[in-house]
Amino acid sequence: MFIEFKDLPESARIWVYQADRNLSETEEARVLDFLKTAVDAWVTHGMPMRGSAKILFNRMIVLAADTAFQAPSGCSIDSSTGWLHELGRDMNINFFDRSIGYFEDEVLKFFSVFDAKKQVSAGVIQPDTRVINLQVNVKHELDSSLVVPASESFLSRYFSKVES
């Protein structure tokens, strides 16, 4: 059953999916309508789940499950990724993009994960550059850990190599 994202407990399990481009207002509404319907019917081992979804930065879909109500199983998680594959095919959007998002003058920009070392070496990404951390997995981490300094992300390994 779908509930408002704000009504989920802070311990709710989340998954962050990133589109390969920004979504228009109309596309955001379509995505949220689709996910509301899907979450309303979301089950694990035949038992209903309680969850929600929201969109951040016009690009990232946050899907959540209230694990205190019902813990998701592998099959229920697989079904949720299936929703995003289906929606992506229908909308011609890849919701499994793994580009690295970073803020430059409050504007969210992206580069390929394969260019990470090059972006650090070129000085585009500094230790204090704010980057998106797609590895958050609990609702309370959205506020504290979704956007972190690059030095606190997987990019930190490249800074020591640049300085040497």
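The values are calculated or read from the model by the stated rules, or taken from the named source; none is laboratory data. All of these numbers come straight from a predicted model, not from anything done at the bench. Virtual Cβ from ideal backbone geometry, glycine too; neighbours counted across all protein chains shown.
Checked against (1) under 20 Å from I3 (Cβ atoms); (2) touching a residue at least 12 places away in the same chain (Cβ under 8 Å); (3) not basic (K, R), D143 meets all criteria but (2).
Restrict the check to segment 43-51 and report whether at least one residue is at pLDDT 95 or above, crowded, with 20+ Cβ neighbours inside 10 Å and under 11 Å from L87 (Cβ atoms). No, because not a single residue in segment 43-51 is at pLDDT 95 or above, crowded, with 20+ Cβ neighbours inside 10 Å and under 11 Å from L87 (Cβ atoms). Applying the set (1) within 24 Å of N92 (Cα to Cα); (2) touching a Ser or Thr at 6+ places or on another chain (Cβ under 7 Å); (3) among the charged types (D, E, K, R) to R13 leaves exactly one unmet item: (1). Among the candidates F154, F111, F103, F95, which residue alone is surrounded by fewer than 16 Cβ atoms within 10 Å (Cβ to Cβ), touching a helix residue (DSSP H, G or I) at 6+ places or on another chain (Cβ under 7 Å) and not small (G, A, S)? Of the residues listed, the single one that is surrounded by fewer than 16 Cβ atoms within 10 Å (Cβ to Cβ), touching a helix residue (DSSP H, G or I) at 6+ places or on another chain (Cβ under 7 Å) and not small (G, A, S) is F111.
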